[in-house]
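The values are calculated or read from the model by the stated rules, or taken from the named source; none is laboratory data. Worth saying up front: this structure is predicted, and the values here are computed from it rather than measured. Don't worry about glycine lacking a Cβ; one is built from the backbone with ideal geometry, like all the others, and counts go over all protein chains shown. Note: accessible area is taken over every heavy atom of the protein model, side chains too, but ligands, DNA and RNA are not part of it. Shrake-Rupley method; radii C 1.70, N 1.55, O 1.52, S 1.80 Å.
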Amino acid sequence: MNKIKCECGHINPEGTVLCEACGKPIEGNQHIDGNDGNKLLNMRYDGTARRSQTYNKSIVDRIWSFFSSVKVGVWLIVIALVASMIGTIFPQQIYIPEDAVSRDPAIFYEDRYGILGLIYYQLGFHNLYSSWWYILLIALIGISLVICSLDRFVPLYKALKRQKAQRHETFLNRQRLYSETENVSKQDIETVQDNLKKARYKVRNENGHILAEKGRFSRWGPYVNHIGLIIILIAAILRSTPLMYTDEYVWVREGEQIVIPGTNSKYYIENKDFIMETHDEDDERFTQAIQQEGVVPSNFQTDVIIYQAGDTAVAGAETELQPILEDSIQMNKPAKFDRYTLYQSGYQVNEFHNMTFKIHETEDTDETSLGSFTIDLTNPESVYELDNGFRVMIDQYYPDYFMDDNGIPASETNYPRNPAFVLMVYPPDSDNPEVSFLGIGKNIDATGENEFKLAIEDFEMRDVSGLTLRVDNTLWFFSIGAAIFMIGVIQGMYWQHRRIWIHPKGNGLLIAAHANKNWFGLNKDIEKSIENTSINMVKDQQELE
């Protein structure tokens, strides 16, 4: 590493633009901060030697220089923003509606959005925010912020911490605010020092050379911002891990007790009752909505019991459940237990629970039952054996029956909203089945020669509640990161780093001043400090140019 010795005797690191001791511009390095051909010095980093501007030999140096570039950081952020916007064009995989034809993304996106949905899926945008390349992009932004901060903060901190009051004359006359006075009394100098102290400047006098400074902490505002952003980025990455974030959707039917997904089978939920209240049909506020939708819910809630599974001492033994919470889940009133939160997110009223069919002779106009059987529509058996020797086999089951464009029976969803069946009826002591198609309002004899006929004898319906289970342990990280970021914003926005140098020259003195912002305020401070003295007011050399 080549050291640079200034005429003041100070040894500066390679890449220094302004001498760390006296501020004299180092010849041959002025292009680094863009001082070539400019009267005024670039004081953004006080002319310190930054690694990214100095070394470019090893692979580490090149990587450091690449990520320390503000342009690189901005482009990474732009790419992340564009990618994030693309991810909102269609729902992400975890938000595929429960009532979709299929929750398989390979089917859903093309079925719902056509060719654009197919392209969206094939490019992997359906799972964008947890994809490896998106997480890598977020990580690269974090790396860029860390390197940018270290590359600038450390040298700047060292330069400001050990800055001297005595500065080279060239450093002073190349500041934006500058003045020269030929004759000044000691009393005037003391007056200026006292006035600056009253203005809350920290004044340092070194052999007649004066440095008045205040608001240095505002220079660290952008770096505090970076710390906040880095914490937020870490939270975004942690959000992709199940340990820190869970978002599960579950349908729970009335009277049903199931394990809650995403809890490692530790918790169960029982739907005791689903309640839906609607607005009055005569309420003028909802007339249009009622005409369009039929009913407008004013409240829908699920009365639930949450159970915790106990430790099973014997393998294969039935799990003991201990009730830990009984609550009513409403919109904007979730149920909370352990670290989990359950939200009321949807509902399905009047879903078929089971259907009872009877067998009778086709020619019997009274339809006298020869036997009956009941099908559990959420868990149907394949074969039903009747006591009178009849045997019924389910050949096809369509939970949510409809006819597709080709006239072929299909199921729109997996939920029993419009159940239909192709049933094979085996009479006693016969291996030749009779085929029937049954559904709501449908009873078709496939051959027209069936001796026996099936009919719907009874059915039960129940409501289904859609609940969202959410665990978000990253909110604290986001909150802390956002708070730190705002502290940095306030720190850099409402305070300014102001410095005033007073340099004796013969019987007079030179005054130079610099601020990172709010030059008008600095002007006013100088004007008040030299009031009632013979010292000349500084001039703005940028305006003179």
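Of note:
- Taken over segment 137-166, the criterion of being open to solvent by less than 20 Å² (accessible area, probe 1.4 Å) and closer than 30 Å to Gly506 by Cβ is satisfied by Ala159, Leu160, Gln163, Ala165.
- Scanning segment 39-71 for residues that are closer than 23 Å to Leu160 by Cα and of a type in the set (A, V, I, L, M, F, W, C) returns Leu40, Leu41, Met43, Ala49, Val70.
- When Arg462 is tested against (1) surrounded by fewer than 18 Cβ atoms within 10 Å (Cβ to Cβ); (2) in contact (Cβ under 8 Å) with a residue 60 or more places away in the chain; (3) over 30 Å from Ile189 (Cα atoms), just one condition goes unmet, and that condition is (1).
- With respect to (1) modelled with pLDDT of 90 or more; (2) within 39 Å of the chain's Cα centre (by Cα), the lone exception for Met393 is condition (2).
- Sole exception among (1) open to solvent by less than 50 Å² (accessible area, probe 1.4 Å); (2) modelled with pLDDT of 85 or more; (3) closer than 19 Å to Glu256 by Cα for Tyr384, by number: (3)
- All conditions but one from (1) open to solvent by 20 Å² or more (accessible area, probe 1.4 Å); (2) more than 23 Å from the chain's Cα centre (by Cα); (3) closer than 26 Å to Glu256 by Cα apply to Pro334; the one that does not is (2).
- Segment 505-520, residues that are open to solvent by 10 Å² or more (accessible area, probe 1.4 Å) and either free of Cβ contacts under 8 Å to residues at least 60 places away in the same chain or touching a His at 6+ places or on another chain (Cβ under 7 Å) (or both): Asn516, Lys517, Asn518, Phe520
- Conditions (1) open to solvent by less than 80 Å² (accessible area, probe 1.4 Å); (2) modelled with pLDDT of 90 or more; number of the one not met by Trp75: (1)
- Residues in segment 176-189 that are open to solvent by 40 Å² or more (accessible area, probe 1.4 Å) and more than 28 Å from Met43 (Cα to Cα): Asn183, Ser185, Lys186, Gln187.
- Positions within segment 99-126 being closer than 27 Å to Val349 by Cα, touching a residue at least 12 places away in the same chain (Cβ under 8 Å) and out of contact with any Gly (no Cβ under 6 Å at 6 or more places or on another chain), in sequence order: Asp99, Ala100, Val101, Pro105, Phe108, Arg112
- Among residues of segment 16-29, those that are open to solvent by less than 20 Å² (accessible area, probe 1.4 Å) and not hydroxyl-bearing (Ser, Thr, Tyr), counted: 8
- Filter result for the condition that a residue is part of a loop (DSSP other than H, G, I, E, B) and small (Gly, Ala, Ser), over Gly448, Gly521: Gly448
- For segment 182-210, filtered to residues that are hydrophobic (A, V, I, L, M, F, W, C), touching a helix residue (DSSP H, G or I) at 6+ places or on another chain (Cβ under 8 Å) and not in a strand (DSSP E or B), the residue that is farthest from Gly488 (Cα to Cα) is Val192.
- Among the residues of segment 404-420, those that are at pLDDT below 85 and more than 21 Å from Trp251 (Cβ to Cβ) comprise Asp404, Asp405, Asn406, Gly407.
- Selected residue (criterion: nearest to the chain's Cα centre (by Cα)) from residues of segment 63-106 that are aromatic (Phe, Trp, Tyr) and more than 22 Å from Phe125 (Cα to Cα): Phe67
- Residue list for segment 459-486, filter: more than 12 Å from Trp251 (Cα to Cα), of a type in the set (A, V, I, L, M, F, W, C) and part of a strand (DSSP E or B): Phe459, Met461, Val471
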